[in-house]
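Sending over a structure as structure tokens; questions will come in a sec.
Please treat every number below as a calculation from the coordinates, not as lab data. All of these numbers come straight from a predicted model, not from anything done at the bench. Every residue, glycine as well, gets a Cβ built from its backbone with ideal geometry; the counts of neighbours run over all protein chains shown.
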Amino acid sequence: MTDAALTVRKPGSPARSVSPPVDVFENADEVLVIADVPGFGTDTVDVRIENDTLSIETKRQQTSEARALAREYEVVDFARSFRIPGGIDLQAITAEAKHGTLVIRLPKAAAAKARKIAVRAS
């Protein structure tokens with residue numbers, strides 16, 4: 001973003017792409033990826049798995065025919081990729097978008113989950 005108080009964009013100029021802020025958490029059952037993607041709905045967010053890489057992309061839709069004379073809020077698309085750790089059940093991955101937050105759940109495969117081994121007396 002520029003240092004100027006107001007940014008004037010040329011009509012039809014493409015939005016630039018930035019990395020959204022993301023938190024990644026792991027628990028015993030899954031890896032959670034939580035991304036902030038304000039202003040995007042489920043129809044404009046693309047979540048995909050390819051070659052052990054999780055990709056998140058958004059494309060902003062033009063919301064108005066009006067030409068902006070000045071903007072303080074920069075219109076951007078989001079793009080981010082992550083390498084998926086081993087032991088994830090790729091078929092069970094889910095994604096949900098609500099109120100500008102994208103939550104992607106990567107469940108661990110049963111074989112990858114930690115388990116306690118009982119010790120028996122002999």
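To make sure I understand, if each residue's beta carbon is the centre and we count other beta carbons within 10 Å, what order do Phe78, Phe25 fall in, fewest to most? Walk me through the numbers on the way to the answer.
Working: Phe78 25, Phe25 9.
The order, fewest Cβ neighbours first, is Phe25, Phe78.
Between Val31 and residues 5 or more places away or on another chain, which pairs have amide H atoms under 5 Å apart, with H built 1.01 Å from N, and which residues are they?
Result for Val31 returns Leu106, Lys108.
What is the fewest-to-most order of Arg105, Arg48 by other Cβ atoms lying within 10 Å of their Cβ?
Arg48, Arg105
Let's see if you can work this out: charge +1 on each Lys and Arg Cβ, -1 on each Asp and Glu Cβ, no other charges. What is the dipole magnitude of the stretch 16-109 about its Cα centre, in debye to the nearest 20? Write out the running numbers ahead of the final one.
Working: 11 positive and 16 negative charges, 56 e Å.
With Lys and Arg at +1 and Asp and Glu at -1, about 260 debye.
Taking θ as phi - 60°, what are the ³J(HN,Hα) couplings along the stretch 32-37 by the Karplus curve (6.51, -1.76, 1.60), each to the nearest whole Hz, with x for Gly and Pro?
Going residue by residue, I get 10, 10, 10, 10, 8, 10 Hz, with x marking Gly and Pro.
Okay, moving on. What ranking of Glu65, Glu57 emerges when the number of other C-beta atoms within 10 Å of each C-beta is taken as an exposure proxy, fewest first?
On the way: Glu65 5, Glu57 16.
Listing Glu65, Glu57 from fewest to most nearby Cβ atoms yields Glu65, Glu57.
Tell me, what HN-Hα J-couplings in whole Hz come from the Karplus equation 6.51 cos²θ - 1.76 cosθ + 1.60 at θ = phi - 60° for each residue of the stretch 96-103, using x for Gly and Pro?
9, 10, 7, 6, x, 10, 9, 10
Please find the FRET efficiency linking Arg48 to Thr101, where r is the Cβ-Cβ separation and R0 is fixed at 22 Å, and quote it to the nearest 0.05. Please report the intermediate quantities before stating the final value.
Details: r = 19 Å, r/R0 = 0.86.
FRET efficiency, Arg48 to Thr101: 0.70.
Now a separate question. Please list, in chain and number order, the residues 5+ apart from Thr101 or on another chain whose amide H is under 5 Å from its amide H, with Hs placed from the backbone.
When sequence neighbours closer than 5 places are left aside, the close amide H contacts are Val37.
Restricting to Cα pairs below 8 Å that are 6+ residues apart, what does the relative contact order work out to for the stretch 24-122? Please round to a whole percent.
On the way: 141 pairs, mean separation 34.1, N = 99.
34 percent.
Given all pairs of different Cα atoms, what value in angstroms does the Kirkwood hydrodynamic radius of the stretch 16-109 take? Let's see the in-between values first.
Numbers: mean 1/r = 0.0692 Å⁻¹.
Hydrodynamic radius (Kirkwood, Cα pairs) of the stretch 16-109 is 14.4 Å.
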